[in-house]
Each structure stands twice: as structure tokens, then as C-alpha cells.
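Inspection log for the structure reproduced underneath, given as C-alpha cells.
The values are calculated or read from the model by the stated rules, or taken from the named source; none is laboratory data. Note that the structure is predicted; figures quoted are calculated from it, not measured. When we count neighbours, we look across all protein chains shown, and the Cβ atoms used for this are built from the backbone with ideal geometry, even at glycine. Keep in mind that these areas ignore ligands, DNA and RNA; they rest on the heavy atoms of the full protein, side chains included. Shrake-Rupley method; radii C 1.70, N 1.55, O 1.52, S 1.80 Å.
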Amino acid sequence: MNVAIVHYHLGQGGVFKVIATASRLMSGQGIPHVILAGPSPEDPPEDLPVRIVGRLAYSASTGLAAMLLEELRTAARSALGQAPDIWHFHNHSLGKNPRVPEVVALLAAENERLLLQIHDLAEDGRPENAARLTACRNLYPLGTHVHYAFLNSRDRGRFIAAGLAGSRAHPLPNPIEPEAALPLPSGPPLLFYPVRGIRRKNLGELVLLTALAPADTRAAVAHAPLNPSWQHIHEGWRRFSAELRLPVEFDVVDHLEPAPKAGSSFESWLEHATHIVTTSVSEGFGMVFLESIARGKPLLGRNLPHIARDHAAHGIRAGRLYDRLLIPGTWIDGKILDPCLRESLAASWQAWGHPLPFPGIETARAALLYQGFLDFGNLPEFLQQDVIRKLTEPAMKSLPLIEAGGRSFPAADWLAENLGHREPTATPAQLSPHTPSIYQKNLSRIYQQLMHETPAAARPLEPQRILDSFLHPANFHFLTAAAAAAPPSPDFTAFRAIILDVYGTLLIAPPGGV
């Protein structure tokens, strides 16, 4: 058995880390394999069997899928000495390169054995990728020779409900490398967010937490986004934090030191952090939840229920997490929020080429409002900034609430208490289901099952069924919408409110006029 592993790039990130770990384990087991990837700024590690295929890169849409497939086959034969028995694709359907899902469809039609490992889904809050997927008529091929691997039970369940056989839908959570636990520093709290500051990481919530925390608390975000589309939002939060003199630093790794003469490396920031923090609103796996345990650091921040359920199945409580960060609904002017909601909803559905279903606006609006409160994490960035500005008035700081475990607490009190806890909520020993050896055992089992399958004619899974399971007005989120909502022009705010009121009246008026 020999394997060709395919991904867009080998740049920094969770997918490359998984590929590198799997490759080293496969080498240790003597499984011949090659990693086929697009070019990256960094040179690939010398111990990995990498072949660079230029047309795999993000947005590399030149040429036909057949041309890319021939390049992949040529590179694989050169490395392996023969054609691969198994093609293992990571994130083939993400929409970063329109030729990749077309290549997968071609391979499925030719009865090649495929493992399609889903880390992230374009349907899950990435409408900007939709345009690159519309030409692929067989985005998710089905057949005995096509198996899928999933990071979480939610995505696996949705694919099974859409028609994928459960025996070919494999749970395959990411491996967590064992690492030495770091000492817990004393002194004032330092919250470290070890991610790239893209929109769905919800940087505004980190700024809000810092504004509500005890006065000596500071926070830092590891990296700036690589995507130019999101860099201006990251920089906007940097400027906003500086304007309000909030102790939040951005893009700190390799640029700033957590303490004098401490060095600016990622490891240095991790070592000096008293807490790891997460405010993300959307994750496929959420490495930070388990890696904080592996390094012996307490985790603080926003819970993601589908990830927490998978952790709980293994008896893991990943951190001190809240379900919502609530602010009074009266803090947000509905005449500003409603137009933003209408425009963002319409843009997200239009990105997928679909009209907004009726009554989409009302469903989304009802989901936003919770017992007279709004969840801060599901607000446009400019409204998040308006909320944080209110906190410059001391009397306002007692009003935001943390909801955790079905109970509500003043957010400032909850933060003060939980920042006082410096011990993690789980031990590295509890991560045994996620060890690299278990990962390799599961991956080898999937490969062996694939090798014993008798290929049969492939058929398409209806991609609309996957899209419908994610794209629902009740699931709408401003931070995963097609575009960032912008504040209305002052000259047109009142005029637009009148127009929207008139349209709303017309929509509900009986025949015969208003």
C-alpha cells in the first residue's frame, strides 16, 4: 500500500501540522507515501517526502482539472515509483482552488481509492469561497472506494444525514503532540490568543474581555491574518485598542516580547501567558481547546457546543468557558442593526446563488435576541466597538453578563474569579484518545478498509443538502457573513429606516393596498 497525500500548501497552520505528524508516523511504520502540495513561503521540513505541484496553490485556477491531475500523477509516480493505491485529500471542498474538487471527481469516476478528510467546510460560514465551487457538479462523490474523515461528530452526522454511508464516514480527530507542560507564571494576568486574527476568531470579544477584566490584565493575539481581505479588520482592532488605551497587543509573535529580554517567539509568549484564551465563533476542531491542556495552561473564553460535546464524550472539560457574552439589547439601535442584518443575510445567500428564504429576516432577528439581550460575539465589528466604548463609563461595566451552564453572572465578576484560577481544568493524561499513536492506528485502519473495498460506479451526494444543514437564518452569524457589515452613512440612516419600514408594510399588507 502506498499513499499520495494532497493539500494546497505546507504553510503554518493546523492542517499542515496534522499532515506532518501523520507523515512521520507513516514513515515510522514503513508506509510508502508522498505529500503533494502547492508552494509555500516556508521551505518544507527536510524529513517529509514532499513534492511541490504549483497548480495546487490557493486560487490557482489556470488550466483544466485534467492538467492538474496529470501533474499530480506524475509527481506521485516520481516519488513512489508507481501510481498511488490511495489518494488522501485534505479539505478538497473548501473552495480555495476550484480545480481540486474537480480532480477529486475525476479520480472517483476512474475508481481510484480516495480518502477525503474534512477539516473545514465552505458551507460553514465561508461564503467568500462559494464562487469557486459552483462549477463542480460532483463536489462530494459517493462510492465504495470513496471514504470521508471528519474532525467532529457534528459534520460527520450531517454528511450521514445527507446520504453518506456511516461505514464510510470516519471520525478522525486531530492528533495532539505530547509536549512538556509549561510552568504557570505568577503576576498579573496575561491572556494569550494563539491564533491568526481572522474574522471568525472574534477579536472584538478579546478586547471586550480585557476592558472588563481587572485593571492589571493584558492580552495578546499571536499572528495577523495572511489573507489581505481580513488584514484591515485586524488592523482596525489594533487602532481601536490603542485609541482606548486598552492593553491588547496584536501580531506579537516575532515582533514583541511578553516581558523584557524574554524573546518574541511563539514559545516565549506561551510560556509567559497565565491563561490561553479563545473567543472564536466557528471551528472545525479547535486545537487551542486541547493544546492548552497539553501544555498545562488554563483556558478561558467562549464555548463551542459541538466541540464541547465531543470532548465530554472522552470525559474532558477543556476550560472555563461561557456560552454567551450578553449585553443589553437597548445598547444597540435597532434602526442600525436591522439594515445590517438584512444586507448581510442577503449577501451570504447571494454568495451561494440562492434567494433568502421567507421569513429569513424574522428568523435571524429572533435568534439574535435572547431574553432582551444580544450576544456580543454575534454583532458586526463596528457595533462591537460601540459597545466597548460604553464600557469607558464605570457604571456600565456591571451590565454585560456571562452565561455559563445555564446561569448568568456579571461578566466582570466572572472574569475576576476565573482569572484567579491558574490551574487547567483537565490533565494531559486525559488526552490519551488524541495521541499521535491512536491517530495513526485509526488512519491505518481506514486505509486498510479502503484497500479491501471493491470499487463501484461513483455517484454524487447532493451538495445542496450539506449547504442547507449550515445555511439557515437561525444560524446566521455576522462574523462569518459574506462581508463585514459597515456602519451606515449618517446622511442616509434615517432615510433607509423609512424605506425599510415602507417595504416591510408592503410585504405584510393585504391585497388591495396599504
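The selection criterion, being of a type in the set (D, E, K, R) and over 30 Å from A486 (Cα atoms), holds for K441.
Could you grab me the full set of residues in the range 423-439 that are surrounded by fewer than 13 Cβ atoms within 10 Å (Cβ to Cβ) and of a type in the set (A, V, I, L, M)? If the condition is that a residue be surrounded by fewer than 13 Cβ atoms within 10 Å (Cβ to Cβ) and of a type in the set (A, V, I, L, M), then A429 is the only one that fits. Residue under question is R309, and the condition is that it be in contact (Cβ under 8 Å) with a residue 60 or more places away in the chain, charged (D, E, K, R) and under 17 Å from G125 (Cα atoms); does it hold? Taking the combined requirement at face value, the residue does not satisfy it. Pairing residues of the range 269-287 that are more than 19 Å from L172 (Cα to Cα) with residues that are open to solvent by less than 10 Å² (accessible area, probe 1.4 Å) and small (G, A, S), at Cβ distances under 6 Å and at least 6 apart in sequence or on separate chains, gives I276/S292; V277/G301; T278/G301; T279/G301; V281/G377.
When P394, P355 are checked against the criterion of being within 16 Å of A481 (Cα to Cα), open to solvent by 50 Å² or more (accessible area, probe 1.4 Å) and without any contact (Cβ under 8 Å) to a residue 24 or more places away in the chain, P355 stands alone in meeting it.
Taken together, the residues in the range 145-158 that are assigned to a loop (DSSP other than H, G, I, E, B) and in contact with a Leu (Cβ under 9 Å, 6 or more places away or on another chain) amount to 2.
Residues that are over 19 Å from A457 (Cβ atoms) and open to solvent by 10 Å² or more (accessible area, probe 1.4 Å) within the range 100-122 comprise just one, D120.
Of the residues making up the range 387-394, one or more are at pLDDT below 95 and either part of a helix (DSSP H, G or I) or among the acidic types (D, E) (or both).
Out of all the residues in the range 329-345, is one or more touching a strand residue (DSSP E or B) at 6+ places or on another chain (Cβ under 9 Å), open to solvent by less than 30 Å² (accessible area, probe 1.4 Å) and under 15 Å from H477 (Cα atoms)? Yes; the residues of the range 329-345 include at least one that is touching a strand residue (DSSP E or B) at 6+ places or on another chain (Cβ under 9 Å), open to solvent by less than 30 Å² (accessible area, probe 1.4 Å) and under 15 Å from H477 (Cα atoms). The C-beta contact set for the range 240-265 (first residue under 21 Å from P214 (Cβ atoms) and open to solvent by 20 Å² or more (accessible area, probe 1.4 Å), second residue modelled with pLDDT of 95 or more and not in a helix (DSSP H, G or I), distance under 8 angstrom, 6+ apart or interchain) comprises P247/T217; P247/R218; P247/A219; E249/R218; E249/A219; E249/A220; E249/V221; E249/L256. Report whether or not A416 is touching a residue at least 24 places away in the same chain (Cβ under 8 Å) and aliphatic (A, V, I, L, M). In short, yes. Put simply, of N97, N129 the only residue that is in a helix (DSSP H, G or I), open to solvent by less than 10 Å² (accessible area, probe 1.4 Å), over 18 Å from N2 (Cβ atoms) and not aliphatic (A, V, I, L, M) is N129. Scanning the range 465-514 for residues that are at pLDDT 90 or above and either among the hydrophobic types (A, V, I, L, M, F, W, C) or loosely packed, with under 14 Cβ neighbours inside 10 Å (or both) yields I466, L467, F470, L471, A474, F476, F478, L479, A481. All told, L450 meets the bar of being part of a helix (DSSP H, G or I), touching a Lys or Arg at 6+ places or on another chain (Cβ under 8 Å) and within 30 Å of S27 (Cβ to Cβ). If you filter the range 285-303 down to residues that are under 12 Å from F192 (Cβ atoms) and more than 16 Å from the chain's Cα centre (by Cα), you find that the one that is surrounded by the fewest Cβ atoms within 10 Å (Cβ to Cβ) is R295.
For the range 45-60, which positions are open to solvent by less than 70 Å² (accessible area, probe 1.4 Å) and within 24 Å of the chain's Cα centre (by Cα)?
Hits for the range 45-60 are L56, A57, S59, A60.
Among the residues of the range 271-282, those identified as touching a helix residue (DSSP H, G or I) at 6+ places or on another chain (Cβ under 6 Å) and in a loop (DSSP other than H, G, I, E, B) are T279, S280, V281, S282. When F470, F476 are checked against the criterion of being touching a helix residue (DSSP H, G or I) at 6+ places or on another chain (Cβ under 6 Å) and among the aromatic types (F, W, Y), a single residue qualifies: F476. Checking each residue of the range 65-72 against the condition of being open to solvent by 60 Å² or more (accessible area, probe 1.4 Å) and more than 21 Å from N97 (Cβ to Cβ) gives no match.
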